[in-house]
Amino acid sequence: MGLRTLKALMNIKHLLDKAFSEALSKLVGSDTPGIVKQAQREEFGHYQANGVMAAAKKLKTNPRELAEKLIEDIGLKGTCFTEIAGPGFVNIHLTSDFVAQQLNSVIKDSSLGVPSTEVSKIVVDYSGPNLAKEMHIGHLRSTAIGDSLVRVLEFVGHDVIRANHVGDWGAQFGSLLAYMDQLRQAGQSLSTELTDLEKFYQAASALFKSDESFAKTARSYVVRLQNGDNECLSLWNQFIEESIRHSQEVYEKFNITLGVNDIRAESAYNNVLPIVVQELEEQQLLVESEGAKCVFLDEFKGKGDKPLPAIIQKSDGGYPYMATDLAATRYRTQELGADKVLYVVGGEQLLHLRQVFAVAKAAGYIHEDQEFLHLPFGGVLKEDGLRFKTRDGADVKLIDVLDEAILRAFNVVSEKNPALSESDRGEVARVVGIGAVKYAELSKNRSTDYIFDWDTMLAFEGNTAPYLQYTYTRIRSMFRRAGTDSLQGSIVLGENAELRLGVKLLQFPETIESTLDDYQANVLCNYLYELCGFFNTFYEQCPVLIAEEPSKTSRLLLCELTAKTLRQGLELLGIETVEQM
RNA sequence: GCGCCCGUAGCUCAAUCGGAUAGAGCAUCGGCCUUCUAAGCCGAGGGUUGCAGGUUCGAUUCCUGCCGGGCGUGCCA
């Protein structure tokens, strides 16, 4: 039996589903799914098969009788025992022996039972900040979610390319460049001025609003920039460089894996844009309408059922982001050879990206076997339920959230564990604070809007990263006391708390699988939270260090596997752990 | 107007693509530290899943209508 087959068996859900589906199909006479799922309620066992009711209906028989027949020849002796419940559910209880045996093999596996999948080349487009603005709370989602996805995809073996499609081009740079030039002419040192980017942005935009002649100059800078004016470009370069330095600082603080090499900015596509237009023209997709070059596809309708254009080139000759995004699809398939491209981009871009993908397909930039997927997420709302607007100046800066999180965490750790040295407390504060913010974001990952609230986001109790991190330190603390890391022996399950924990540990591979199923990190968050709940119950009920052998070693092994799973799971979320806190 | 998304406990969020009695955390109330870190554990209260219908063994989930909110709907990105 190859390693891969062995690992497939470690996926309990698959194992059971296969057995139930095959047996049920035999009874029905045609392909019939067993529909095995994790049980929702402990009294229903560990798993339940829900397929019998639908099958019985097809056969027009009594579901409970069909279930009887099914479990007679299911042939899973030793792994589980079953019972029929309700209208025809089959409840599945795994045996302690089976669970223990599986645990004993998983504990030797460095990837915790997760099989490596067939390798795909996957581009993940995330974060993508606008360099003309400071990163604010709205960037949190794309950045945290995207980075976690990247980590999980790499963990299962995919060839992942991070794509940070930063906005470094366009009209918004006019006032910034004009302001830079003005400062330079006044003899100010630009490098000093640019250290506080936020102040710089505000000053420039204030001037733009109040000073008519400045606004005029600003607009002229946009034209100069697009025409490749050297002086202008050098100012622009200086600004971009500083701005990227700033965003890299945020990434580093937030423990995001994006590096400068992952940046492929909008401007990088500038010279491809005319080619895109030319290629669309050659394929006779391009139509001139109201002075702009557009692609009209039947599936897109605008107001009053009028055809909705995808504008590739504006009437003034400039290129809107439709063109840039098309060039990016072209680059990703033709140059990078991507099998799949995931866009972690806000839901407000839904129509835009649908158009991008559709036009790119029509143009032949995306082939049948290449999958482009938009993973939308909702906006960030203020406490009053309204959206943050860039204009109203009420943005919460990302860097401020992180700093506040670290500060609060420092106060808490100083109170909880004053014995730790100041530098240790600083390190704990960093890991805990950042973890809290990231987990707050990832754990409620649904494509709906969410309300930003300092206290909710920076909570350290309950369903939070610090809770998971704390559970980890509890285990590490035990091992420090035990004074050993190398354990000879095996897991034997006695108490129910041990069995529950054991089954949960075995469900890590299933969790990774369903996390990637919908690309939803909150599935992983939920799992880790429940795992900790089970562990902490075990921790209260089952003494470890004072237990008799072989129970002591068995429990230490359970602790070890819990710690490994926790650390791995948190790492996949981009959250660090500490030895004590 | 049209399109997409959303509406779940006082608050913030879940619910494994149709499963059993809708779950957590926070907040409130009550227990547990001279056994491994109390950022923890155990327990209580709190719900007509926006409203009204429909589909079926079974609906927070699917369909229709209505109410309420968000986003988008040709030259910002």
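The values are calculated or read from the model by the stated rules, or taken from the named source; none is laboratory data. Just so it is clear, the model here is predicted, and its values are computed rather than measured. So basically every Cβ, Gly included, is an ideal-geometry build from the backbone, and we count neighbours across all protein chains shown.
Observations, loosely collected:
- Residue within region A:80-88 that is within 38 Å of the chain's Cα centre (by Cα), crowded, with 20+ Cβ neighbours inside 10 Å and either within 18 Å of A:G29 (Cβ to Cβ) or near RNA strand B (Cβ under 9 Å from one of its atoms) (or both) present: yes
- Any hit, region A:278-291, residues being within 12 Å of RNA strand B (Cβ to nearest atom), assigned to a loop (DSSP other than H, G, I, E, B) and under 34 Å from the mean Cα position of the chain (by Cα): no
- Residues in region A:37-56 that are outside any loop (DSSP other than H, G, I, E, B) and in contact (Cβ under 8 Å) with a residue 40 or more places away in the chain: A:Q38, A:E42, A:F44, A:Y47, A:Q48, A:A49.
- Scanning region A:108-146 for residues that are among the polar types (S, T, N, Q) and not in a strand (DSSP E or B) returns A:S110, A:S111, A:S116, A:T117, A:S120, A:S127, A:S142, A:T143.
- Hits in region A:284-307 (condition: touching a Phe, Trp or Tyr at 6+ places or on another chain (Cβ under 9 Å) and closer than 27 Å to A:Q226 by Cα): A:L285, A:V287, A:S289
- Residue ID - nearest to RNA strand B (Cβ to nearest atom), chosen from residues in region A:307-321 that are touching a residue at least 24 places away in the same chain (Cβ under 8 Å) and in a loop (DSSP other than H, G, I, E, B): A:S315
- Residue among A:A268, A:A204 that is free of Cβ contacts under 8 Å to residues at least 40 places away in the same chain, within 37 Å of the chain's Cα centre (by Cα) and crowded, with 19+ Cβ neighbours inside 10 Å: A:A204
- The residue that is surrounded by the fewest Cβ atoms within 10 Å (Cβ to Cβ), among those in region A:7-56 that are more than 16 Å from A:T82 (Cβ to Cβ) and of a type in the set (S, T, Y), is A:S30.
- In the set A:A362, A:A405, only one residue is in contact (Cβ under 8 Å) with a residue 60 or more places away in the chain and out of contact with any His (no Cβ under 6 Å at 6 or more places or on another chain); that residue is A:A362.
- Screening A:R476 against (1) assigned to a loop (DSSP other than H, G, I, E, B); (2) modelled with pLDDT of 95 or more; (3) among the basic types (K, R) leaves a single unmet condition, (1).
- The conditions of being of a type in the set (V, I, T) and surrounded by fewer than 18 Cβ atoms within 10 Å (Cβ to Cβ) are met by A:T195.
- Qualifying residue in region A:560-568 (condition: under 30 Å from A:N255 (Cα atoms), of a type in the set (S, T, Y) and surrounded by 20 or more Cβ atoms within 10 Å (Cβ to Cβ)): yes
- The residue list A:G346, A:G385 contains one member that is closer than 30 Å to A:G435 by Cβ, in contact (Cβ under 8 Å) with a residue 24 or more places away in the chain and exposed (fewer than 15 other Cβ atoms within 10 Å of the Cβ), which is A:G385.
- Counting the residues of region A:322-338 that are free of Cβ contacts under 8 Å to residues at least 40 places away in the same chain, loosely packed, with under 15 Cβ neighbours inside 10 Å and not polar (S, T, N, Q) gives 1.
- Here A:S514 does not qualify as within 10 Å of RNA strand B (Cβ to nearest atom) and over 21 Å from A:L15 (Cα atoms).
- From A:I451, A:I406, residue being touching a Gly at 6+ places or on another chain (Cβ under 9 Å), β-branched (V, I, T) and near RNA strand B (Cβ under 9 Å from one of its atoms): A:I451
- The set of residues in region A:479-492 that are of a type outside the set (D, E), surrounded by fewer than 23 Cβ atoms within 10 Å (Cβ to Cβ) and not in a helix (DSSP H, G or I) comprises A:G483, A:T484, A:S486, A:L487, A:Q488, A:G489, A:S490, A:V492.
So that you can scan it fast, the table gives a plain yes or no per residue for (1) exposed (fewer than 15 other Cβ atoms within 10 Å of the Cβ); (2) more than 20 Å from the chain's Cα centre (by Cα); (3) within 20 Å of A:V380 (Cα to Cα); (4) not aliphatic (A, V, I, L, M):
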| position | (1), (2), (3), (4) |
| --- | --- |
| A:P418 | yes, yes, no, yes |
| A:V432 | no, no, no, no |
| A:Y439 | no, no, yes, yes |
| A:G462 | yes, yes, no, yes |
| A:A465 | no, no, no, no |
| A:Q469 | no, no, no, yes |
